[in-house]
Every structure is written in C-alpha cells, then in structure tokens.
Amino acid sequence: MKKWLNIKNNLAAPLFMVFLIAAWELITTTMAVPEYILPSPSVIAIALNENFSLLVEHSRITIVAVLGGAILAMTLALVLALAMDRWRILKQAFYPILVVSQSVPIFALAPLLLIWFGAGLLPKVLIVALVCFFPLAVNLVEGFSQVDPETIDLMHTMQADRWLIMRSVQLPSAMPYFFTGLKIAATYSVMGAIIGEWLAARAGLGIYMLRAMHSFRTSHLFAAIIVVVFLSLALFKLVEAIRWLAMPWQRKTTENLKE
Amino acid sequence: MNKQLKLKLEGISATYSTGEKILPVLDNVSLSVDTGEFVSVLGPSGSGKSTLLKIAAGLLKPERGKILVDGRNMTGLSRLVGYMPQQDLLFPWKTMRQNAALPLISAKLDKKETKARIEELLPVFGLQGFGEYYPDQLSGGMRQRGALMRTMLIESDLLLLDEPFAALDALTRQNLQEWLLKIWGHFRRSVLFITHSIDEAIYLSDRVYVITERPGKNAFEQIIDIPRPRSKSVTITPPFSHYKKLLLEALADNTAAGTK
Ligand SMILES: Nc1ncnc2c1ncn2[C@@H]1O[C@H](COP(=O)(O)OP(=O)(O)OP(=O)(O)O)[C@@H](O)[C@H]1O
Ligand SMILES: [Mg+2]
C-alpha cells in the first residue's frame, strides 16, 4: 500500500510536466503565437535535435570553466578555512570580510576580471571560482568550528600529530558541511560560467545563447536553456555521487528494515 | 615488594565557570596509584570523577594541586596515556577496525603489524565479524568494548578508565572485568578506574577511594585485601561482603551529608 502511494507520488511530477508541455503545445499552435516570441515544444525539440552537436561543443567549453572554477574554489576554501581554524586571529580578521564580500554582486566584478585577464578561459574560471568560493568557505569554517574538542583531546592522549588529527578528525567531521556548501556551489557554478561568457568569451553556452538571441532564434535559446538545466542537474547528481563515495558511514544501512 | 608511585594527584581543586556562574567541582582531592596497582574511585553522580580523570590525563588544568607521573610534575600537560572517556567517542566516520587502529597509527606502527594486532584483539573483545561496521551500526555495549579495545592499544603503562563497563549487561560486564584482570595481571599496567558500582570496584581493585558529593572531597579509602587471581566466586565470600558494607556506608554517609 505504502509502496503504491510512493509510486503515485513519484509519478505526480512527471505527469504534471507532460500536462504542461501538452498545454504549451496546444496554446502556441491554436493561438498562432509567433515563433520568435514563444516557440512550441515540438519546434524546440527540433532545434535541440538539429543543433545537438553544436550544443555539445559549446557545453564542453562551459563545463571546463565550471570544473576549473569549482576545483580552484574548493582548494582555496579548504586552505583558508583550515588556516582560519588554526589561527584564531586570522578568523577574526578575515571572516567578517568574507561575509561582507558576498554582498558585492558578481556582475560588478566580472567586467574587472575581463579587463585584467582578457576574454579567455581564465576570467570565466575566476568568475565561477568567485561564486563557488563563498558557500564552500563559509560552510567549511562552520564545519571546522563544530569539531568536538573532546575528540581532539582524545587524540592528544594518543600523542597524535597535527596531520593525523586533521585527516582523522577535522576533515571527516567537517565533510557534511563541505558537501552542503558544494551543492550550493554546484548550482551557482553554471550560472557563473554563463555570466562570464555573456560578458566576453569566444565560445561556450553563453555565447551560443547570445548568438541565438541576436538572430531572434528563440527556439535555439530554449534548446540552450534545456542544456543548461540538464548540466546543472548533472552537476548536482555528481556532487551527490561524490558525497556517497566520500562518506560511506552515512549510507543508509537500515533500509531493508523499514516497510 | 618495591612500591613505586606511578601517578600522584596532590590537593586537586577544580571549578567550572560558565558565564557568571562558578561551580566548584573538586575540593582538595588527593590520590595515588602505585606502579602496577589497580585503584578505583567511587562517588555519586556529578561529584567530579570524570573531571578528576581529565585532570589526571593532562587534558584539564586544575585550579590548585599537582599531578606527578613517575615523580615528574605533569600538571596540565598532555601526554601519551591510556585514557578512555565516559562517552565512548568512537569516530562515526571510521569503522570499528579503523577506530581501534588509531593509537597504533599514531604510534607509527607499520600497516601489517597494525592489522595483525587488530585482527588478534577483535575476538577478544567480542567484536569478531564487526570490524567493518561503523559505530552507528553497533549496540551500546559493543561500542563500549570497541572504545576499551582502542584504549588498550595505547602503549602507555597507565590506564585511566571512566566507567568503561557502564553500558553493559551483567554477563558481558563480568566477562570483560575478568578479561581486564587477566591482561592487567599479564602486563601490570597501573590503572585508575572510575565506577558507580561497588561490586565492580571491590572485585577489580587493590584500593578504592570514595569521594563525596560535589564538590568532591576525599571521603574514604579502603585497601581491598583479597588475594589474586580472583575468581568470580569471590563476590559471595565474607571478605567481599565486609568491604561492600564498608563502602556502602561510606557512600551513604557522604551522600547524606552532601544533600544537607
Ligand atoms: N565542561 C563543563 N563545563 C561546566 N560544567 C561542567 C563541565 N563538565 C562537567 N561539569 C559539571 O561538573 C560537575 C562534575 O562533573 P563530572 O562529569 O566530573 O561528574 P562525574 O562524577 O563524572 O559524574 P557521573 O558519575 O554522572 O559521570 C557536574 O555538576 C557537571 O555539571
Ligand atoms: Mg563521569
């Protein structure tokens, strides 16, 4: 019984989606909405299909920027959070700046980066790193501050060195916080890359979108949006997969006891 | 027998201050453990026993008093010691095996040897087949045995154990008590043992201290003169009952005085 309800719940969202798309198709065709205003789903599907290899090509470029930026942000956030945890004065000096820096809109900084670094991969990577850095750093700082001091005491009675304490206590206990930050960062990162491409780039999904916009090929724009959504979702799933691999102790083991 | 002092706590006083509030926890407590001696501390809940053990482990600095280890002043200095805290503090992100291996990794023992030692000890602690389990997947008693196993792997000749058997059923408790006595007989590590159980204190110890309700003070000290090795049946012998009566009275007196 429970299971059946679950299936019904799982089907609710897709069914509603199908309904929405059908309604969209119906409205655009019966009311003859101009294609450059709102193309029908079937036209979008055709555009997606025809431009698929081109979209893949541009996506590859965007993905490189996203991954590069995310890795850069993770490295910096980890180093900074560890340093802030180690030296209190650093945290007192830096943490407020970190929080305030978040209110600087990324649009305001992006042109600067372009002036400094030109229109290539680097400014895009930096913009992605910038948007990913904050959620990662803040969550890591929080995670390190939540480490139970008694466990550190216990490690001291074993005369554990700093490195052992870091890898066997601090890093694993901050891991849930890290992944919370990474999930937020993953959703920001694609947006960051596309903003970077809008401002200046030679290729990438953002450029594809600009071109589609300038030539009023709205269906191509929609096709690109679908690809962007797909990329974001895939990235999110990737983070969840990494989390699953990195935190084996959090895997559900009692599932077969339920029901 | 040539008796040497392993651990000496001299006139320990401690207070906790949380915000405005100042809570005196220990008041001029002194105790000692000879080399190879098994000493227990009995006291009502909240009398500062865990605090005393943390001070003995060098994790807390007492307000007043001194800690001597092998005659050297170690007040407030952290050092290698077989300390087992009251909450098991097994790391949830490590399997039982990895948890137990921590002291060996910290001592830089090579991987093969570490593995062999763990393999050898798992069945001794009744954890055979549970090496790959995470603490969240184990029962309270199993976790406690795991934590005890981890503590025993710390290469220190001084053990500080904070109610290590509190979460166990009577039978497991007895088995582990016997096991502890057996290895203690082998290696003659010095033990300072915190417990709530009078029976456990008598069965295991050479000497028992009783401390009063908070703030904990020395109330009573009793040498347990029952020959070793002790079998389970000593618990029903007249000397055992005699000690039990003495300790019960000491505890009752000081609890009553404290509540006044
Ligand atoms: N970190 C702390 N900060 C403030 N007060 C504390 C702290 N730790 C313990 N206390 C207080 O000190 C007193 C003694 O605590 P302690 O844990 O040493 O008692 P105990 O004798 O071990 O008790 P039990 O037998 O219940 O374990 C208690 O009243 C407790 O509330
Ligand atoms: Mg206690």
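Since every read-out is calculated from the coordinates, none of them should be taken as a lab result. What you see is a predicted model, and the numbers here were worked out from it, not measured in a lab. Because the Cβ atoms are built from the backbone with ideal geometry, glycine has one as well, and the counts that use them run over all protein chains shown.
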(request) Report, by chain and number, residues whose modeled amide H sits under 5 Å from the one on B:Tyr83, excluding near sequence neighbours (fewer than 5 apart, same chain). (result) B:Leu160
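Averaged across orientations, what area in nm² does the convex hull of the alpha carbons in the protein assembly as shown project? Please report the intermediate quantities before stating the final value.
Details: hull surface 139.6 nm².
Computed as one quarter of the Cα hull surface, the answer is 34.9 nm².
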(request) Have a look at A:Leu154, A:Val131, A:Ile195 and report the one farthest towards the positive end of the charge dipole of segment A:38-258, computed about the Cα centre with Cβ charges (Lys/Arg +1, Asp/Glu -1). (result) A:Ile195
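Per residue of A:148-156, what is the mean number of Cβ atoms on other protein chains within 10 angstrom of that residue's Cβ? Numbers along the way, then the final one.
Values: counts 3, 1, 6, 5, 1, 9, 13, 6, 8.
Taking the mean over all residues of the peptide, I get 6.
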(request) Could you work out how far helix B:238-259 tilts from the main Cα principal axis of chain B, as a 0 to 90 degree angle to the nearest 10? (result) 60
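Of the peptides A:56-68, B:48-60, how do they stack up when ordered by the mean number of other Cβ atoms within 10 Å, highest first? Walk me through the numbers before you get to the answer.
Working: A:56-68: 19.0, B:48-60: 23.7.
Descending packing order for the listed peptides: B:48-60, A:56-68.
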(request) From the P(r) of segment B:202-248, can you give the percent of Cα pairs sitting at distances over 15 Å? (result) 46
(request) Take the alpha-carbon centre of segment A:127-193, take the same for segment B:2-47, and report the distance between them in whole Å. (result) 37
(request) Would you mind getting the Kirkwood hydrodynamic radius of segment A:72-208 from its Cα pairs, rounded to one decimal in Å? (result) 16.3
(message) Helix B:170-187 against the longest principal axis of chain B: what's the angle in degrees, Cα atoms only, rounded to the nearest 10?
(response) 90
(request) Could you tell me how many degrees, from 0 to 90 and to the nearest 10, lie between the Cα long axis of helix B:140-152 and the main elongation axis, the longest principal axis, of the Cα atoms of chain B? (result) 90
(request) Please compute the Cα-Cα pair-distance distribution of segment B:91-155 with 5 Å bins starting at 0, giving whole percents from short to long. (result) 4, 20, 35, 26, 13, 3, 0
(request) Distance check, please: which entries in B:Lys66/B:Lys217; B:Lys6/B:Lys217; B:Lys49/B:Lys182; B:Lys6/B:Lys66; B:Lys8/B:Lys49 exceed 19 angstrom between their Cα atoms? (result) B:Lys6/B:Lys217; B:Lys49/B:Lys182
(request) State the percent of C-alpha pairs, over all pairs in segment B:63-195, separated by a distance greater than 24 angstrom. (result) 29
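If the only charges are +1 at each Lys and Arg Cβ and -1 at each Asp and Glu Cβ, what is the size of the charge dipole of the protein assembly as shown around the Cα centre, to the nearest 20 debye? Show your work: numbers first, answer last.
Numbers: 53 positive and 42 negative charges, 93 e Å.
That gives the protein assembly as shown a dipole magnitude of about 440 debye.
Across all directions of projection, what mean area in square nanometres is found for the Cα convex hull of chain A?
Numbers: hull surface 77.9 nm².
Result: 19.5 nm².
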(request) Give the calculated FRET efficiency between A:Leu112 and B:Lys111 to the nearest 0.05, with a Förster radius of 51 Å applied to their Cβ-Cβ distance. (result) 0.50
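Scan chain A and note any complete DSSP helix (H) whose C-alpha atoms cover at least 27 Å along its axis and whose Kyte-Doolittle average is -0.5 or more.
Answer set is A:2-30, A:52-86, A:121-145, A:171-199, A:218-246.
Calculate for chain A the 222 nm mean residue ellipticity that helices alone would give, adding -39,500 (n - 2.57) per DSSP H run of length 4 or more and normalising by residue count, nearest 500 deg cm²/dmol.
When only DSSP H runs of four or more count, the value is -27000 deg cm²/dmol.
Based only on the alpha carbon positions, what is the Kirkwood hydrodynamic radius of segment A:1-152, in angstrom? Working shown, then result.
Working: mean 1/r = 0.0492 Å⁻¹.
Computed over segment A:1-152, the radius equals 20.3 Å.
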(request) Can you figure out the FRET efficiency of A:Val104 with A:Thr187, using R₀ = 22 Å and their beta-carbon distance, to the nearest 0.05? (result) 0.70
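Other chains' Cβ within 10 Å of A:157-167 residues: what's the mean?
Values: counts 18, 16, 10, 6, 2, 0, 0, 4, 1, 0, 0.
Across the residues of A:157-167, the mean count of other-chain Cβ atoms within 10 Å is 5.
Only Lys, Arg, Asp and Glu count, each charged at its Cβ (+1, +1, -1, -1), so figure out the dipole size of segment A:38-258 about its Cα centre, rounded to 20 debye.
Values: 16 positive and 11 negative charges, 52 e Å.
Using Cβ point charges on Lys, Arg, Asp and Glu, segment A:38-258 gives about 260 debye.
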(message) Need one number: nm distance between label points at B:Ile223 and A:Met166, each 7 Å from Cα along Cα→Cβ, rounded to one decimal.
(response) 5.3
(request) Return a whole-number percent for the relative contact order of segment A:120-259, with Cα pairs under 8 Å and 6 or more residues apart as the contact set. (result) 28
